[in-house]
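First comes the structure, then the notes that go with it.
The values are calculated or read from the model by the stated rules, or taken from the named source; none is laboratory data. Remember, it's a predicted structure, so these values are computed and weren't measured experimentally. Every residue, glycine among them, receives a Cβ derived from its backbone with ideal geometry; neighbour counts consider all protein chains shown. Just so you know, the surface numbers come from the protein's heavy atoms only, side chains and all, with ligands and any DNA or RNA stripped out. Shrake-Rupley method; radii C 1.70, N 1.55, O 1.52, S 1.80 Å.
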Amino acid sequence: MATQHHEEHSFFGDVLKYFENAAKHLNYPQGLLDQIKYCNSVYRMRFPVRVGDSLEVIEAYRVEHSHHRMPTKGGIRYAMSVTQDEVMALAALMTYKCAIVDVPFGGAKGGVKIDPKNYTLDQLERITRRYTTELIKKNFIGPGIDVPAPDYGTGEREMSWIMDTYTTFFPGQIDGMGCVTGKPVTQGGISGRREATGLGVYFGVREACSFADDMERLGMSVGLKGKSVVVQGLGNVGYHAAKYFHEGGAKVIALAEFEGAIYNADGLNYEEVFQHRKKTGSILHFPGATNLANSSDALELACDILIPAALENQIHEGNASRIKAKIIGEAANGPVTAEAEEILNAKGIMVIPDIYLNAGGVTVSYFEWLKNLSHVRFGRLGKRFDENLNNNIIDAVEEMTGRSLSEQRRQLIGRGADEVDFVYSGLEETMIEAYRQIREVKKEIPSIPDYRTAAFVVAIRKIARSYESLGVFP
Ligand code: GLU
């Protein structure tokens, strides 16, 4: 994604700053705060992989930020921008993210410094399997230790290679499948994981837009209907976020990818744009839309809701003052820098923070892990029973009233839940409940300036509680 890069900028430094901004509003001893905020284990590796006729030494990381809950959890990213600082920051964000949505894991993150586009399928498989082996060597992977998942540049394919490598090293380990999440459904994955982050983003923004007083402050009506949305990034998260905003009645007016951006005030169909990009190799020249030469120009368009769903550092001190959105929903991790946030706050823009808004991915990863440990698909036992019971109730009501339901109605009320119904329902409940907790804290402590600080307060309180046994409470 084209962006202005600040060499000296430390992403982990930003996360520490957010932490300290929140800690100011809490009364915990310094030792406890230090125990929470620093990374517990940082593993840097370099391993050789044969690429064509030569040998390439790959730089990679896995960081476990917090062991207060086990296993630790977080995605693996394949990108040239991977550095130790970045992986540490992303691992820390995972800790707070899991705490906010009550997912009982510590935070972790992995990174492999490659551009996946430069490798063949075979080579990517070799890199992934070798990376997994390095994790096994140092005990940095396992269903009760550290459980990776997809992130930028990785997906279901990589997760199935990881699981296959792990289970080959540990044959007979009954819970081995739970060593990684985001797997294909045929390989122990769960229905609904693929769209989970984007759907969670939608649920979160929808919840934020449901409070009349908050919307009034932003000069907007309640609800998503007719709101204009700009989405940066058409990867898994951006694509699904655009889809659900569209289906929820909002209007997606611009889409950005690294080659540029397109704009249409009347709205863009995310699916047609996605197919156009697949066919032509570029988002540009989409029929009926205006091309924007720089991808980052899309961020500065006037809109109600801006969804950065690509990488970190997209809204920085260089462009923050030109942002015209009323709400920024952080679908990516760290798209707004700490300096930019101060500018946005002063402009009255509401930033819904990543550690809450993109937690849908890890929430459904948690459901996948539970499924793997229980060795049964959600809904398998109860679905038919519920269906029979519901139909018996409908029959009884029809008998008593002498009126009958339409076939469509009967199906809607009568059916039992499938796995994906449980996943969506669990995700929706999680996103709504977490938003309310953050909003409550912001109301409870009026000196808290923004939702990010409120979200960090929620997270730190929950993590601190798990350290109660250390006896260091004031
Ligand atoms: N990589 C995703 C994130 O940043 C998902 C992590 C997971 O499912 O463990 O939240």
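Points worth noting:
- Looking at region 1-99, the trypsin sites (Lys or Arg not before Pro) that sit in a DSSP loop and have at most 13 other Cβ atoms within 10 Å of their own Cβ are Lys24.
- Distance between the modelled labels on Asn27 and Asn294, one decimal in nanometres: 4.9 nm (7 Å Cα→Cβ projection).
- Anisotropy class of the chain from Cα gyration tensor, a/c 1.5 cut: rounded
- Solvent-accessible area of Glu20 with every protein chain in place, 1.4 Å probe, in Å² to the nearest 10: 80 Å²
- Nearest-0.05 FRET efficiency for Asp213 and Asp164, computed from C-beta distance (R0 45 Å): 0.30
- Net lengthening on full extension, His285/Val57 (0.36 nm per residue, minus Cα-Cα): 78.2 nm
- Simple spin-label estimate for Val185 and Arg50 in nanometres, 7 Å along Cα-Cβ: 3.8 nm
- In the chain, helices alone account for a calculated mean residue ellipticity at 222 nm of -14000 deg cm²/dmol, with every DSSP H run of four or more residues adding -39,500 (n - 2.57).
- 23 Å Cα-Cα threshold exceeded, pairs from Lys17/Lys442; Lys183/Lys371; Lys227/Lys347; Lys37/Lys324: Lys37/Lys324
- Residue by residue, region 222-238 carries 3J(HN,Hα) couplings of 6, x, 9, 3, x, 6, 8, 10, 10, 10, 9, x, 10, x, 4, 6, x Hz when phi is fed to the Karplus relation 6.51 cos²θ - 1.76 cosθ + 1.60 (θ = phi - 60°); x denotes Gly or Pro.
- Dipole orientation for region 68-144: of the candidates Ile136, Ser81, Ala108, Ile136 has the Cα lying most toward the positive pole (charges on Cβ; Lys, Arg +1; Asp, Glu -1).
- Alpha-carbon centroids, region 377-413 and region 307-375: separation in whole Å: 41 Å
- Straight-distance crosslink candidates among aspartates and glutamates, where the alpha carbon sits under 17 Å from Lys109 and sequence neighbours closer than 8 are dropped: Asp14, Glu59, Glu64, Asp85, Glu86, Glu134, Asp146, Asp151, Glu156, Glu158, Glu312, Asp354
- On the chain, 51 percent of the accessible area sits on carbon and sulfur atoms, based on a 1.4 Å probe.
- Only the Cβ atoms of Lys and Arg (+1) and of Asp and Glu (-1) were treated as charged; on that basis the dipole of region 123-230 about its Cα centre amounts to roughly 280 debye.
- In sequence order, calculated HN-Hα J values of region 202-217 (Karplus, 6.51, -1.76, 1.60; Hz; x Gly/Pro): 4, 4, x, 5, 4, 5, 4, 7, 9, 9, 4, 5, 5, 5, 4, 4
- In the full protein context, the chain carries 42 Å² of accessible surface per residue, based on a 1.4 Å probe and ignoring ligands, DNA and RNA.
- Contour excess over end-to-end distance, with Cα ends at Ser425 and Asn388 and 0.36 nm allotted per residue: 11.2 nm
- Rounded Å value of the spacing that divides the Cα centres of region 441-461 and region 100-160: 32 Å
- All lysines inside 18 Å of Lys278 as judged from Cα atoms, apart from same-chain residues fewer than 8 positions distant: Lys117, Lys243
- Calculated FRET efficiency for the pair Glu433/Gln411, C-beta based, R₀ 45 Å, to 0.05: 0.95
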